[in-house]
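Colleague: Starting off with a structure, shown below.
Please treat every number below as a calculation from the coordinates, not as lab data. Treat the numbers as computed from the prediction; the structure is a model and nothing was measured. All Cβ positions, even for glycine, are placed from backbone atoms using ideal geometry, and neighbour counts span all protein chains on display.
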Amino acid sequence: MKSFPSRAALLLVASLLVSAQSLAQVSALVAIDPSASERGISAVSGDLSSGLGKALKTPVRVDRSTNFADVLRSTRTGEYDIYIVPVQVAASALTHGYTMLADSGHKETFVLVASANIDTVAKLKGSRMYLPQQDSIYAYLAKGLLNESGLSLKDLAKLEYQRTSGAGLVALDMGVSDSTVTLKSEYEKWAQNKPAKYKVLLESKPVPAGLGLLVKKSLPQPVQEKLAQWAAGTGNGIERLVPVSDLSGYSYVAGLGHFTPAQLPGVQQVTAGEAATLMSQGVQMVDVRSEKEFNAKHIVGAVLIPYLEKSAKDTTYDAAQDDFSALEKLDKNKPAIFSCNGAECWKSYKASKSATAKGFKKVYWLRGGLPEWDEKGLPVSRN
């Protein structure tokens, strides 16, 4: 009597064949910021394709790039199996089907520095700023730090991009630029003999330094383990990398330039708890999301007044592109709290600003929106 392999055995063989086939086509991209050496990040050296191929026991094609616009695009389309990249690229990859295996284990802080005559962020409007190349971590931080303060890079009269970070401080010294973003440690060393000439306007949260190693989540687990071992070794052609236990720094960078400002002039920002107290006192909660979102889940007691958004998610948005005619349903003599899907949702920011412009008596903004409300265990209605 003939014996046939079990279904489990067949599936195992099929899985191994698929893994072998995928490993025959492994590709990696190494992205290096031109200013990396200035920040103490060791350059990638040697033949990485040989080292990776030996570690994985399969051929590996390694491409290199300093064009961050193209590198970031590739993370969104999933063009490579492996990425060895700085924080802003890693942050993008993490939101597009990749997982972090290791990074340098170090963090660094950046500062937005301006000439002494510009003593507030608001005074940057109409000024000149120097930054390293677009899509560098400096540019990410500049956009994010300004955004948190209610400004945009578009508010600047002139924005110049170059290839090195240190030139920004030189440009300040020469008077050809009014502000720049640079490493905090670099600025402190540079400004020792000229503290009165410049002012730190904003400081970033600590962000991961050096390089990170990411892989497609679909890459077989044994392969991921071999990569992690390779990264932790010496003589691999890159700095030694360690396992990552905290991704908060990457989440912070991922949100830069996408989150709503941390403040809105003329509007009182409230927490979920404060909003609940206000509602108990008769203040109306206004949900400005879509009807579909509202019907699926909303704050108990909220009223739907949708903000139809087409404008850019930026402080310089053109309100004329949007439709908020539904606001007319509300009594402007009564206070209102505007809310949507959290700090990344611009609808409540724009709605609060519109209500203020139309003369509403009192406007509150629940920036954390429904996610914060739900996280605090406050009552929601689900369909």
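Colleague: Please enumerate, by chain and number, the lysines with C-alpha under 23 Å from the C-alpha of Lys194, excluding those fewer than 8 residues away in the same chain.
Modeller: Lys123, Lys184
Colleague: In the neighborhood of Glu148, defined by Cβ-to-Cβ distances under 12 Å, what is the net charge if each Lys or Arg adds +1 and each Asp or Glu adds -1?
Modeller: +2
Colleague: Restricting to the chain, compute how many DSSP beta bridges are antiparallel as a %, nearest 5.
Modeller: So the antiparallel bridges in the chain amount to around 50 percent.
Colleague: Can you give the relative contact order of segment 268-382 as a percent, counting alpha carbon pairs under 8 Å and 6+ residues apart?
Modeller: Taking the mean separation of contacting Cα pairs over the length of segment 268-382, I get 34 percent.
Colleague: Greater than 29 Å separation of Cα atoms is the criterion. Which listed pairs, Lys199/Lys362; Lys107/Lys310; Lys199/Lys376; Lys125/Lys347; Lys158/Lys310; Lys57/Lys216, meet it?
Modeller: Lys199/Lys362; Lys107/Lys310; Lys199/Lys376
Colleague: Determine which aspartates and glutamates satisfy two conditions relative to Lys334: a Cα distance under 18 Å, and not lying fewer than 8 residues away in the same chain.
Modeller: Once the sequence-local aspartates and glutamates are set aside, what remains near Lys334 is Glu274, Asp287.
Colleague: To the nearest 500 deg cm²/dmol, what mean residue ellipticity at 222 nm is calculated for the chain from DSSP H runs of n ≥ 4 alone, each contributing -39,500 (n - 2.57), summed and divided by the residues?
Modeller: -9500 deg cm²/dmol
Colleague: The list (i) 19.0; (ii) 25.6; (iii) 17.8 gives values of mean projected area of the Cα convex hull in nm², and only one came from this structure; which label was calculated from it?
Modeller: (ii)
Colleague: For the chain, what does the relative contact order come out to in percent, with C-alpha contacts under 8 Å and a separation of six or more?
Modeller: Averaging sequence separation for qualifying contacts and normalising by length gives 17 percent for the chain.
Colleague: Okay, moving on. Roughly what % antiparallel, to the nearest 5, for the DSSP beta bridges in segment 110-204?
Modeller: Rounded to the nearest five, the antiparallel share is 60 percent.
Colleague: Also: Between Lys158 and Arg240, what length in nm is gained on full extension when 0.36 nm per residue of separation is reduced by their alpha carbon distance?
Modeller: Extra length from Lys158 to Arg240 when fully extended: 25.6 nm.
Colleague: In addition: With a 10 Å Cβ neighbour count serving as the proxy for reagent exposure, in which order, fewest first, do Val288, Val121, Val242, Val181 appear?
Modeller: Ranked by crowding around the Cβ, least crowded first: Val242, Val121, Val181, Val288.
Colleague: Treating the beta-carbon of each Lys and Arg as +1 and of each Asp and Glu as -1, no other charges, what is the dipole magnitude of the chain about its Cα centre, to the nearest 20 debye?
Modeller: For the chain, the charge dipole is close to 420 debye.
Colleague: If you don't mind, there's one more thing I want to ask. What's the center-to-center distance, using Cα atoms, between segment 84-121 and segment 128-177 in Å?
Modeller: That distance is 15 Å.
Colleague: Obtain the nm distance between the two label points defined at Glu274 and Met174 by a simple spin-label model: each point lies 7 Å from its Cα along the Cα-to-C-beta direction.
Modeller: Between Glu274 and Met174, the simple spin-label model gives 4.6 nm.
Colleague: Can I ask one more? Using DSSP loop states and a limit of at most 12 other Cβ atoms within 10 Å to flag trypsin sites (Lys or Arg not before Pro), what is the longest stretch of the chain containing no flagged site?
Modeller: 58-162
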